Amino acid sequence: MEQMRWLAAFEIGVPEIDSDHRALLTRMRGIQAAVAEGDFTLGDALLENLVDFAAEHFRREEDFLDRIAYPGVGVHRQYHADLLVRADSLRLACNRPAVRGEMADCVESLFAFLIDDIINGDLRYKSHLEHKGLIQRTFDKSDI
């Protein structure tokens, strides 16, 4: 399992949201380490923590979108709800004894939801933030 790394392209430009995204990635790295060491009990606990933290993050992000009157907040809220259902289903699947040996693959599938959230979800409202002048447009050529 390749270690995930933070890319400047993941930056939304809102410190609280970017901080949450980094915290999600840090949690994911902890899960990767636990699974690599064969500590599935710790991995299970960290997975549960990850899903709980993601739900908290989604609430904070939705509150922010409400405050700035983002027109797509309802769609984004439903997108988050769908991601949480998917993440929780994967978390439960990772806990089944029959898939313990496949936990690394299961965890990797779960990690996809962070990337899905940032790339497919959050970048949609990032352009709105830029258009409204709430954040500065940034470009980092190291991501090319």
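The values are calculated or read from the model by the stated rules, or taken from the named source; none is laboratory data. Given the structure is predicted, the values throughout are model-derived calculations rather than measurements. Cβ placement follows ideal geometry from the backbone for every residue including glycine, while neighbour counts extend to all protein chains displayed.
Side notes on the structure shown:
- All positions within region 63-86 that are surrounded by 13 or more Cβ atoms within 10 Å (Cβ to Cβ) and either at pLDDT below 85 or not in a helix (DSSP H, G or I) (or both): ILE68, TYR70, GLY72
- Screening region 126-141 for residues that are of a type in the set (A, V, I, L, M, F, W, C) and more than 16 Å from PRO71 (Cβ to Cβ) and picking the one that is modelled with the highest pLDDT gives ILE135.
- Any hit, region 34-57, residues being surrounded by 15 or more Cβ atoms within 10 Å (Cβ to Cβ), modelled with pLDDT under 90, touching a Phe, Trp or Tyr at 6+ places or on another chain (Cβ under 7 Å) and assigned to a helix (DSSP H, G or I): no
- So ILE17, is it in a helix (DSSP H, G or I), touching a residue at least 40 places away in the same chain (Cβ under 8 Å), within 17 Å of ILE115 (Cα to Cα) and touching a helix residue (DSSP H, G or I) at 6+ places or on another chain (Cβ under 7 Å): yes
- Restricting attention to region 28-42, the residues that are within 15 Å of SER109 (Cα to Cα) and either within 17 Å of the chain's Cα centre (by Cα) or of a type in the set (D, E, K, R) (or both) total 4.
- Filtering region 1-58 to residues that are aromatic (Phe, Trp, Tyr) and closer than 28 Å to GLY74 by Cβ leaves PHE10, PHE53, PHE58.
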